[in-house]
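Report on one structure; see the data block that follows.
The values are calculated or read from the model by the stated rules, or taken from the named source; none is laboratory data. Bear in mind the structure is a predicted one, so any value in this text is a computation, not a measurement. For neighbour counting, all protein chains shown are included, and Cβ atoms are generated from backbone atoms with ideal geometry for every residue, glycine included. SASA here: full protein model, heavy atoms, side chains in, ligands and nucleic acids out. Shrake-Rupley method; radii C 1.70, N 1.55, O 1.52, S 1.80 Å.
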Amino acid sequence: MLNNVSGLGKLVYFDYSALIVLSVILISTVMRKMTKGRLNTIFILIVVTAFASTLCDCLAVRHDNNLYSNTTVRMAEHMAYLFFHVLTTPLFCLYVTELTDTRHLVRRRRLLVYLLAVPFFAATSAIFLTPVNHKMFYFDSSLQYVRGEWFWLLYFSAVFYVAYLIFFLVRFRHNVTAGRWVSLVILLVCMLAAIVLQYFFPEFLVEMFATAVGLLFISVMVQRPEEIIDVESGAKSRAAFAEDMHRSFGNKKVFDIIILKVSNLQSFREFLSYDESTGLLKETRERADRLRQQLGIFAEVYYLRNGVYALTVDGGGDSSQTLAKALYEESGKPIRISNMNINLITYCCIIRCPEDISDARALSEFINKAIPNEEGVTFAADVLKSGRYDMIIDMDSIISRALSEERLEVYYQPIYSISDKKFHSAEALIRLKDEKYGFVPPDLFIPEAERNGAIHKIGRFVFESVCRFLASEEFKKLGIDYIEINLSVVECMRETLADEIIDLLHKYGIAHGMINLEITETFAAHTQSVMIENIRKLTEAGIAFSLDDFGTGYSNMQSIALLPLAITKLDKTFASLEDNDKMTLVVEHSIDLIKALQMKIVVEGVETKEMLERFSRLGCEYIQGYYFSKPLPRDEFVKFIMSYKEKQGQ
Ligand code: C2E
Ligand code: MG
Ligand code: MG
């Protein structure tokens, strides 16, 4: 390692090669823009320090070989070489601490930090005292470089930090990926081999060369932007987030995560070019970066795809709340992309770790399924307290329990015909009552059932139940013309769907006109041949279709016009729209359009007499809503209709 005798006869070619390798590492690091963040900064510092150390070594050896050189200059060169050399190992320790994300563990133990700094300060002080006491090294009477009695301090410092590094790499081996761990071990082995080699063959100055080769390994294996940077947004990637979270939870770190979810990103992607949408993603990331810099809060910014960003704030506390508020406010301002002002709809949620969530799997589930679609800044703690989250997480087992324990039931909500002044149809709505959670809303379990395929079984259950009801004697007394059944897109992708429905109607001896299938606007966007074939078969068999939730999706009027629809159901948001001039125009013209397409209208969500009167005035045929009745279990529904008929003398 450290020069132990005069420079005469030393081979500096290894040092020259080290200088070349270190320059290549430095240039490539800068060119790959690996300059931001703590880890990158420490890496660059190590490379620069190693470079400075090697350069001073080269100069010192050259001047040692020329005994007529100025001894003050020689002394300065040796001191500089030794100083930079001593500095490299603690910097390595810092690098590994950062890489294993254990800074918070070290920082918590103040005494340990001071103890860790002792060898470095002792060695450095000894180096700088050399001109006064000549104890680190000196030049003898023939001006040869000779080690002094304190020289062992340098060895001690090196061995101390290498031992610390070995301990760290063993103790926190699970905190880094196998590839990274191996490259760090290779670096250590290179350094140790060089120390031994140089000790026995002092004329070969291989140590800095070995360090440079080790650093090259790190640069190739660890400092890889393609692994940790998301190319579209420029933020840290989803893979980096997963790895960092796994480590942070493993290290019992206290931190907050701010989730920023852009809910309307997908709709922009449909009409923006690739460059424009990546511009949108980048601008959102840059805004987050700018804000955290302005507020002086250290946060890592990740892009987890599908419009979801995550910012991690070490230590948590008020700073994450301040940052989240600022982020939310800023996200309300339009982003200018190619002469367009784009307004993003964002939701912001703070997750305190490990208080709210303490493992990576639960975190990813929370982010995927439970970020509230609410304005302002929300807190994961509130979601967790509400019980809704447990339900969401448990949804798979809730659904399979419901299917195996027959915990499903079909409810019926009456639909009133204004012209006939009677309930002429009803909508079948599924209900799930779980033993643990009670009633689970369909809005929660239907999407999950669509994802896991359980919707097919649920759908069959609804059809069977409705058919049994339609075939029953009590139904015949009700005067109800047909029952509306909700059909999910996923069900319609089943090749056998049409045949199964027709077979079922045959089995129960039910006329095809007694059921009506509700499909949503999302159907219009899907032009799958299986689906089109199913709809064709069912329509040919005389089964009518209704368009559900009109006005909530991104309507594709052409596709809607092409679907064989008999009825359009205005979504409940229409019913509750403010009664102002513009909104009245929207409602009136929507109604005119539907009528022009020869469809009848059901208004959903009618809760008051005023709403009923308003939509009757506007010429809508049918009314559904709490004003008349909530969805009811079969028996209650029968009672409700019978008592209404009695009252009306029908
Ligand atoms: P949807 O088909 O639009 O059903 C209407 C929803 O509005 C029902 O919610 C109903 O309870 C509710 N509703 C009715 N009148 C009013 C009112 O006056 N005010 C308010 N605020 N709400 C009213 P529900 O039963 O929770 O169902 C939610 C959604 O779940 C349904 O929306 C439908 O998309 C889906 N769904 C329900 N049952 C089934 C099913 O058997 N199969 C499939 N595929 N989806 C279903
Ligand atoms: Mg419906
Ligand atoms: Mg609806």
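If you filter region 618-650 down to residues that are of a type in the set (Lys, Arg) and open to solvent by 50 Å² or more (accessible area, probe 1.4 Å), you find that the one that is nearest to residue 472 (Cα to Cα) is 634. Annotation: residue 205 fulfils all but one of (1) open to solvent by 30 Å² or more (accessible area, probe 1.4 Å); (2) in contact with a Phe, Trp or Tyr (Cβ under 6 Å, 6 or more places away or on another chain); the unmet one is (1).
For beta carbons closer than 9 Å, sequence separation of 6+ or different chains, a first residue in region 437-451 that is more than 18 Å from residue 461 (Cβ to Cβ) and a second that is in a loop (DSSP other than H, G, I, E, B), the qualifying pairs are 437/387; 437/394. Residue count for region 479-516 under the criterion of being on the phi > 0 side of the Ramachandran plot and assigned to a helix (DSSP H, G or I): the result is 0. From the list 582, 537, the lone residue that is among the basic types (Lys, Arg), away from ligand 3 (no atom under 16 Å from the Cβ) and either modelled with pLDDT of 90 or more or not assigned by TED's automatic domain parsing to the domain that holds residue 499 (or both) is 537.
When the residues of region 226-250 are narrowed to those that are more than 17 Å from residue 292 (Cβ to Cβ) and not in a helix (DSSP H, G or I), which ends up most open to solvent (accessible area, probe 1.4 Å)? Applying the filter and picking the extreme gives 231.
For residue 615, the conditions (1) open to solvent by less than 20 Å² (accessible area, probe 1.4 Å); (2) on the phi > 0 side of the Ramachandran plot; (3) not aliphatic (A, V, I, L, M) are fulfilled apart from (2). If you go through region 331-353 and keep only what is open to solvent by less than 60 Å² (accessible area, probe 1.4 Å) and outside any strand (DSSP E or B), you end up with 331, 332, 344. For region 190-225, give me each residue that is part of a loop (DSSP other than H, G, I, E, B) and free of Cβ contacts under 8 Å to residues at least 40 places away in the same chain. Listed by number, the residues that qualify are 201, 224. Just give me the residues in region 32-71 being among the aliphatic types (A, V, I, L, M), open to solvent by 30 Å² or more (accessible area, probe 1.4 Å), outside any loop (DSSP other than H, G, I, E, B) and more than 22 Å from residue 98 (Cα to Cα), in sequence order. Hits for region 32-71 are 55, 59.
Here region 167-179 is the region considered, the condition is being closer than 19 Å to residue 89 by Cβ and assigned to a helix (DSSP H, G or I), and the residue that is most open to solvent (accessible area, probe 1.4 Å) is 171. Is it the case that region 99-108 has a residue that's modelled with pLDDT under 90, closer than 26 Å to residue 219 by Cα and among the polar types (S, T, N, Q)? Yes, region 99-108 contains at least one residue that is modelled with pLDDT under 90, closer than 26 Å to residue 219 by Cα and among the polar types (S, T, N, Q).
Per this entry, residue 280 is counted among residues that are open to solvent by less than 70 Å² (accessible area, probe 1.4 Å), out of contact with any Asp or Glu (no Cβ under 8 Å at 6 or more places or on another chain), on the phi < 0 side of the Ramachandran plot and in a helix (DSSP H, G or I).
Of all residues in region 126-146, those satisfying the criterion of being in contact (Cβ under 8 Å) with a residue 60 or more places away in the chain and open to solvent by less than 60 Å² (accessible area, probe 1.4 Å) are 139, 144, 145, 146.
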